[in-house]
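**Student:** Input: one structure, supplied below.
The values are calculated or read from the model by the stated rules, or taken from the named source; none is laboratory data. Being a predicted model, the structure only gives us computed values, none of them experimental. With ideal geometry, Cβ positions are generated from the backbone for all residues, glycine too; neighbour counts draw on all protein chains shown.
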Amino acid sequence: MSYPALCTLLIFMGLLGSAATDMYVPSLPQISQSFSAEPSSVQLSISLYLIAFAMGQLLYGPLLDRFGKRRGALRVLWLGCFGALLSAVATKLWILNLGRFLQGTGFSAISVAVPAIARDQRFARTASLLSVIFGLGPLLAPIIGGYISHLYGWQLIFTLIFCYSLLVLFALTWMKDDPSTQPNLASAGWAELRHSYHQILSHRQFVANALAKSLAFSGAMVFFSISPFVLHKQFQLNAVSYGWFTLSLSATILLAKIANSLLIGRLTLHQLNGIALIFINLAPIALLAISLPNTQSLPALLIPLALFGSGAGLLFSNTTSAMFLPFPKTWGGRVAGLAGMIQMLSAFSGTMIATCVGTDTFIPLAGVMLGLSAIAAACYYGLTRR
């Protein structure tokens, strides 16, 4: 397969995660009303998706290395397709949550396969561009999902996710095997697998960058888990308005990734990560200040969103690159799987905490985000200190 065709296919596959995660977030209050359920019960649909995603990445990393990225992803993607269909026709909340769990189980294989294939192909010269394009998913998905939910109901969102996942399934079927997607049977032994996992998890550069990225991502997922309910209660934002409101966060992340591509070479990855960690710690502090009585306003909320988005955009790009650098390309699936598992377990823990805090004001949300950001900075500097 030609280089442009493979890049296009990787982008198409990679955007599935944004569609499955971000499109339905604006409809969380509507889903809560539809099932007459508490917000915490509906938030569980996010947590279940994340924990399934985490476990899937840990499992699929070595399996895709052994059996091939394309063939391995094909064997499990159908679970995600079925889960999306199940959520679309759900008449009970537990059915929707089961569908979300299956989506996480199936779609996690794609999140492992895409960076692993890119790593095997040595796409360093387009890594930043791919990162920017992947940033368009979170940018547009909430807006599209908000309109769909408002005009046609939340069920159609999962129907579209089902159709998208089918297209990805067909694309993988059409994709021809090449050295980046073929099996690597030499890496099949469990002893070798345990050794490689030990090597990866023992490497301070990998752990520092994985934890920093994962905790920042967890903060973003906590925001998306709580903010729809708070904004609906305090400012009466419907699904459409919420989708446009989150545009500021996603757009800032995208702009930060573009700025990052220009700053690489002028500043080291460590310096860029330091700037990013300052931003993501200032964001919840600003959110706390704005959440005080008589200071709340919708335009003012754009300040902490811009701060967090700037930090996340820088951090996500550079930590991803730094995690892969110390290891051979034949470990691509394992590195991606472990990094993804850590990220999703962190997000799962954050969203589970979110189900236990209030959704009436932004103060609990800001507190959780501040705790996660502070731990991210402590882990990064503690592990990278020489």
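**Student:** For the structure I just gave you, tell me whether SER310 is surrounded by fewer than 18 Cβ atoms within 10 Å (Cβ to Cβ) and part of a helix (DSSP H, G or I).
**Tutor:** no
**Student:** In the range 240-253, how many are in a helix (DSSP H, G or I) and either of a type in the set (Lys, Arg) or crowded, with 22+ Cβ neighbours inside 10 Å (or both)?
**Tutor:** Of the residues in that region, 7 qualify.
**Student:** Within the range 1-19, identify whether any single residue is crowded, with 24+ Cβ neighbours inside 10 Å and among the hydroxyl-bearing types (Ser, Thr, Tyr), and answer yes or no.
**Tutor:** No, the range 1-19 has no match at all.
**Student:** Taking VAL112 as meeting all but one of (1) surrounded by 24 or more Cβ atoms within 10 Å (Cβ to Cβ); (2) β-branched (Val, Ile, Thr); (3) modelled with pLDDT of 90 or more, write down the number of the exception.
**Tutor:** (3)
**Student:** Answer with yes or no whether ALA336 is hydrophobic (A, V, I, L, M, F, W, C), closer than 21 Å to ARG70 by Cβ and part of a helix (DSSP H, G or I).
**Tutor:** Taking the combined requirement at face value, the residue satisfies it.
**Student:** Restricting the search to the range 255-281, which residues are crowded, with 20+ Cβ neighbours inside 10 Å, among the small types (Gly, Ala, Ser) and over 22 Å from GLY382 (Cα atoms)?
**Tutor:** Of everything in the range 255-281, just one residue is crowded, with 20+ Cβ neighbours inside 10 Å, among the small types (Gly, Ala, Ser) and over 22 Å from GLY382 (Cα atoms), namely ALA256.
**Student:** Of all the residues that make up the range 282-300, how many are modelled with pLDDT of 85 or more and surrounded by fewer than 22 Cβ atoms within 10 Å (Cβ to Cβ)?
**Tutor:** Result for the range 282-300: 8.
**Student:** Which is out of contact with any strand residue (DSSP E or B) (no Cβ under 7 Å at 6 or more places or on another chain) and part of a loop (DSSP other than H, G, I, E, B), of LEU215, LEU237?
**Tutor:** LEU237
**Student:** Mind telling me which of the residues ILE303, ILE342 ends up being within 26 Å of THR252 (Cα to Cα), within 15 Å of the chain's Cα centre (by Cα) and part of a helix (DSSP H, G or I)?
**Tutor:** Every option except ILE342 fails the conditions.
**Student:** If you don't mind, there's one more thing I want to ask. Can you pull out the residues in the range 33-69 that are over 19 Å from LEU338 (Cα atoms), surrounded by fewer than 21 Cβ atoms within 10 Å (Cβ to Cβ) and either in contact (Cβ under 8 Å) with a residue 12 or more places away in the chain or within 16 Å of the chain's Cα centre (by Cα) (or both)?
**Tutor:** Those that are over 19 Å from LEU338 (Cα atoms), surrounded by fewer than 21 Cβ atoms within 10 Å (Cβ to Cβ) and either in contact (Cβ under 8 Å) with a residue 12 or more places away in the chain or within 16 Å of the chain's Cα centre (by Cα) (or both): SER34, PHE35, ALA37, SER40, SER41.
**Student:** So for the range 87-98 (the condition being modelled with pLDDT of 90 or more, touching a Lys or Arg at 6+ places or on another chain (Cβ under 9 Å) and buried (at least 18 other Cβ atoms within 10 Å of the Cβ)), does at least one residue qualify?
**Tutor:** Yes - at least one qualifying residue is present in the range 87-98.
**Student:** Can I ask one more? Return the residue satisfying two criteria in turn: it lies in the range 254-281 and is out of contact with any Gly (no Cβ under 9 Å at 6 or more places or on another chain), part of a helix (DSSP H, G or I) and among the small types (Gly, Ala, Ser), and of such residues it is modelled with the lowest pLDDT.
**Tutor:** SER261
**Student:** Here's another thing I want to ask about it. How do the pairs read when you match residues in the range 220-238 that are under 15 Å from THR351 (Cβ atoms) with residues anywhere that are of a type in the set (S, T, N, Q) and assigned to a helix (DSSP H, G or I), using Cβ under 7 Å and keeping only pairs 6 or more apart or on different chains?
**Tutor:** MET221/THR351; VAL222/THR351; SER225/GLN43; SER225/THR351
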